[in-house]
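Worksheet: the structure to be examined is printed underneath.
The values are calculated or read from the model by the stated rules, or taken from the named source; none is laboratory data. Source: prediction; values computed, not measured. Methodologically, a virtual Cβ is constructed for each residue, glycine included, from the backbone with ideal geometry; neighbour enumeration extends over all protein chains shown. Areas reflect the complete protein model, heavy atoms only, side chains present, ligands, DNA and RNA absent. Shrake-Rupley method; radii C 1.70, N 1.55, O 1.52, S 1.80 Å.
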Amino acid sequence: MTPNASPTVDRLASLFDWDGATETEIDWTALTEAAGHPFPEDYRRFVERFPHGSIGFLEVLHPSDWGVPEFLRYARNWHHVMNKRAECTGGFPYHFGTSPGDLRSGEP
């Protein structure tokens, strides 16, 4: 396993029989500074290993699709939309945010 490897991401790649990697370099320093928080290591390894796409209904926001400001603007907009949807459906016990217990978002 390489120093940047992730057992979780490696397992997912194995399940999908994926042995590739993205060719896009992500400026994590700039992204972290602009967002105001670090990104989880497994997320970083996921977007470095897999290209943009969906797995069934799951779509992971991929910073290589946009520049830093556009990615953060899109992520923050998505955060607000998902919280509104959760409020409308009722009974969804999670909130997107950065407080303890929240699902992680790009909101500083």
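Annotation note: Cβ proximity below 8 Å between a residue of segment 4-24 that is over 18 Å from HIS52 (Cβ atoms) and a residue that is modelled with pLDDT under 80 (sequence gap 6+ or interchain) occurs for PRO7/MET1; ASP10/MET1.
Take segment 1-33 and flag every residue that is open to solvent by 40 Å² or more (accessible area, probe 1.4 Å), under 25 Å from GLY67 (Cα atoms) and more than 15 Å from the chain's Cα centre (by Cα). Matches in segment 1-33: ASN4, ALA21, GLU23, THR24, GLU25, THR29, GLU33. Taken over segment 38-55, the residue count meeting the criterion of being open to solvent by less than 70 Å² (accessible area, probe 1.4 Å) and modelled with pLDDT under 80 is 2.
For segment 80-96, state whether one or more residues are open to solvent by 60 Å² or more (accessible area, probe 1.4 Å), modelled with pLDDT under 75 and acidic (Asp, Glu). Yes, segment 80-96 contains at least one residue that is open to solvent by 60 Å² or more (accessible area, probe 1.4 Å), modelled with pLDDT under 75 and acidic (Asp, Glu).
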